[in-house]
Amino acid sequence: MSIATKADTMSAADPVPGATAEIVAFRPPMRPAMDRIAAAARHTMSVLLPPLIVISLTLFTWQLLCSEPGARLPPPTKVVSDAWDFIVDPFYDNGGVDKGAFWQISKSLGRVGIGFSLAAIVGIALGVLVGQSTWAMRGLDPIFQVLRTIPPLAWLPLSLAGFRDAQPSAIFVIFITSIWPIIINTSVGVRNIPQDYRNVAAVIRLSWWEVFYKITLPATVPYIFTGLRIGIGLSWLAIVAAEMLIGGVGIGFFIWDAWNSSRISDIIVALVYIGIVGFLLDKLIATVGHFVSHGVAAQ
Amino acid sequence: MNQPYLKFEQIGMSFRRGQMETEVLRDVNLHIEQGAFVSMIGHSGCGKSTLLNILGGLLQSTTGEVFLEGKVVDEPGPDRAIVFQNHSLLPWLTVYGNIAIAVDKVFGSRKNKAERHDWVMHNLELVQMAQAKDKRPHEVSGGMKQRVGIARALAMQPKVLLMDEPFGALDALTRAHLQDSVMEIHARLGNTVLMITHDVDEAVLLSDRVVMMTNGPAATIGEILAIELPRPRRRLDLATDPEYARCRAAVLEFLYARHRVPARVAA
């Protein structure tokens, strides 16, 4: 209605009567705003709807399959009601290993943090060495290729024998699991530095150290972060398994403990948490990489 | 006797690969006077890039020596700054940073921070890129990247500016525009320039002398053509200039009549 009124007023003010022209001039500011909102809404729906539908269907099927009496696994509704305390209060602390999800996960994250950081430092250093020196590559690469195929948990008994303590052993397992992709990707990155960059460095006569931190490191950053992403993923995989064996506080042992006390619902909630934390760790490394490489590394 | 500014003396270059030895260059002798703009033209594989890299110090010749101001050239250095064909900008640095990395290294001890900043900006203005100083290489066009590459080389105040097919990867219009910029900069600064090109028009338009290379293997200088066109040269005027046409014809004649790419003989 308001459109017509406005158009009428304008045509009245206009010496040449031409209502169509008035409306044409009037419309554009209105339409795009509406269109934009509609388009944004459509876009949001098209992104959100598919996962929502799939998740609902999955939960529904799970509910159907596990609802009959005698089902071995609890249906979603029972998971939520059983594990309600665990879900709503992540900060409880009843002493011993009976702690909330927040404490369990942060303990595991702490171990991953230390082990992974050490792996990053040592891995990048070794990767640069192997990438730059043919001699180091020939000497070390065969060893790396064999060692990297050893499953994380196979290291645990050895590290327990060496450290005689659960905490450093778990950290060592994280370290030894995540270091290989970091070494390998870093060395590939260093070897793939375009000859052009080296030529530029040669022409302006950068010293060895300047070449390292002004050319080699920045040129290798995207590769390093690929290695770090794979490494953090492997760390998170390994920590759960390692904690099951070493015990104490931590999301891995929490699951094992829950199984021993037949708290299946707690296990399921813990699995969801582990998945979400793993996803966030991956995104965290990707985002840091994106910033550090000024947008060169893929997100 | 007066020593030439830049002298190639009996340059020969062979690459060894296992049992195979390929002779790329043989007996290359060339004198270049200060302030000259010399281009080098020849078919692919005639070793012109190799020759430029020897002058740049990136390759060591097998025989012979290059002398710059009477001193033997045996390593890379900022006095022989190179404009690379694919610009070779460092993608993690801004346009400003790409020039600053060279300026800071070359003039770190001679200029203070403010002077170095002014020098970077001066060179960016020379190639009309000052407004894009905070962009990263992937955010600017190919022509702009090459401008930055030229600015980086000029910022080192080289005794000789080496350009390795600097406009090869650009479209014709951008190329013409950059050629004009290079002519203008050369007129202002009077640098000695050695440029490699595939483009006959480019060679004749820009150069004081065109060095024509014979075909490899064992390529050498076939002929040197002096281009006696007055400067400043204007692209449009030259289109109908008989001297320009004569020079162009001479280069074409050399490249396509006398030194056609030989049919590859199976080894």
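The values are calculated or read from the model by the stated rules, or taken from the named source; none is laboratory data. Nothing here was measured: the structure is a model prediction, and the numbers come from that model. Here the Cβ positions follow ideal geometry from the backbone for every residue, glycine too, while neighbour counts run over all protein chains shown. The accessibility values were calculated without ligands, DNA or RNA, using every heavy atom of the protein model including side chains. Shrake-Rupley method; radii C 1.70, N 1.55, O 1.52, S 1.80 Å.
The table below gives the values:
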read-out: C-alpha long axis of helix A:251-260 to longest principal axis of chain A, angle in °; value: 80 degrees
read-out: Summed residue charge, Cβ within 11 Å of A:Val203's Cβ, Lys/Arg positive, Asp/Glu negative; value: +2
read-out: All Cα pairs of region A:43-188, percent lying beyond 27 Å; value: 54 percent
read-out: Bridge type composition, the protein assembly as shown - antiparallel percent by DSSP, nearest 5; value: 55 percent
read-out: For B:His117, solvent-accessible area (1.4 Å; no DNA, RNA or ligand), Å²; value: 70 Å²
read-out: Exposure of A:Leu206 as accessible area (Å², to 10), given a probe of 1.4 Å and all protein chains; value: 20 Å²
read-out: Carbon and sulfur %, accessible surface of region B:140-190 computed with the full protein complex present, 1.4 Å; value: 53 percent
read-out: Size descriptor, Kirkwood hydrodynamic radius, that averages inverse alpha-carbon separations across region A:189-293, Å; value: 16.7 Å
read-out: Spin-label model distance (nm) - A:Ala33 vs A:Arg164, 7 Å beyond Cα toward Cβ; value: 7.6 nm
read-out: Label-point separation, B:Glu65 to B:Glu253 (7 Å along Cα→Cβ), nm; value: 3.8 nm
read-out: Rg ratio (alpha-carbon, reference 2.2 N^0.38 Å) - region B:52-172; value: 1.10
read-out: Ratio Rg/Rh [Cα only; Rh per Kirkwood] for chain A; value: 1.20
read-out: Summed buried accessible surface, chains A and B, 1.4 Å probe, nearest 100 Å²; value: 1800 Å²
read-out: FRET efficiency, A:Thr58 to B:Leu173 (Cβ-Cβ, R0 51 Å, nearest 0.05); value: 0.35
read-out: Accessible area (Å², 1.4 Å probe, nearest 10) - B:Met13; value: 10 Å²
read-out: Cα-based equivalent ellipsoid of the protein assembly as shown: semi-axis lengths in Å, sorted from largest, via gyration tensor; value: 62, 40, 21
read-out: Relative contact order (%) - criterion: Cα under 8 Å, at least six apart; region: chain A; value: 19 percent
read-out: Burial of 20 Å² or greater, region B:79-104 residues [accessible area, probe 1.4 Å, versus chain by itself]; value: B:Phe84, B:Asn86, B:Ser88, B:Leu90, B:Pro91, B:Trp92, B:Ile101
read-out: B:Gln10 paired with B:Arg110, simple spin-label distance in nm, labels 7 Å along Cα-to-beta-carbon; value: 3.4 nm
read-out: Along chain B, longest interval not containing exposed trypsin sites (Lys or Arg not before Pro), exposed being DSSP loop plus at most 13 other Cβ atoms within 10 Å; value: B:111-233
read-out: Cα-Cα P(r), chain B, percent of pairs per 5 Å interval; value: 1, 6, 12, 16, 18, 16, 13, 9, 5, 2, 0, 0, 0
read-out: Bridge type composition, chain B - antiparallel percent by DSSP, nearest 5; value: 55 percent
read-out: For B:Lys111, residues with placed amide H under 5 Å, excluding near neighbours; value: none
read-out: Förster-model FRET efficiency, 30 Å R0, B:Asp74 and A:Val122, C-beta, rounded to 0.05; value: 0.20
read-out: Carbon + sulfur, % of accessible area of region A:161-216 - ligands and nucleic acids excluded, 1.4 Å; value: 60 percent
read-out: Positions from region A:153-202 whose accessible area shrinks by 30 Å² or more when the full protein complex is built, not the chain alone, probe 1.4 Å; value: A:Asp196, A:Tyr197, A:Asn199, A:Val200, A:Ala202
read-out: Whole-percent carbon and sulfur share, accessible surface of region A:240-299, 1.4 Å; value: 73 percent
read-out: 5 angstrom amide H check on B:Val83, placed H, neighbours 5+ away; value: B:Leu162, B:Met163, B:Asp164
read-out: Reference-scaled alpha-carbon Rg (2.2 N^0.38 Å with N residues) for region B:122-267; value: 1.17
read-out: Heavy-atom accessible area per residue - chain B, 1.4 Å, Å²; value: 47 Å²
read-out: Accessible solvent surface per residue of region A:227-299, calculated while the other protein chains remain in place, 1.4 angstrom probe, Å²; value: 45 Å²
read-out: Cα convex hull volume per residue for region B:178-262 (Å³); value: 97 Å³
read-out: Pairwise FRET efficiency - B:Arg246 versus B:Arg188, Cβ, R0 = 35 Å, nearest 0.05; value: 0.80
read-out: Order of exposure, largest accessible area first, which applies to B:Asp134, A:Asp89 with probe 1.4 Å; value: B:Asp134, A:Asp89
read-out: Tilt relative to chain A, helix A:134-147 - C-alpha long axis, 0 to 90 degrees, to 10; value: 90 degrees
read-out: Heavy-atom accessible area order for A:Glu210, B:Glu69, largest first, 1.4 Å probe; value: B:Glu69, A:Glu210
read-out: Estimated [θ] at 222 nm from DSSP helical runs (n ≥ 4, -39500 (n - 2.57)) normalised by residues in chain A, nearest 500; value: -25500 deg cm²/dmol
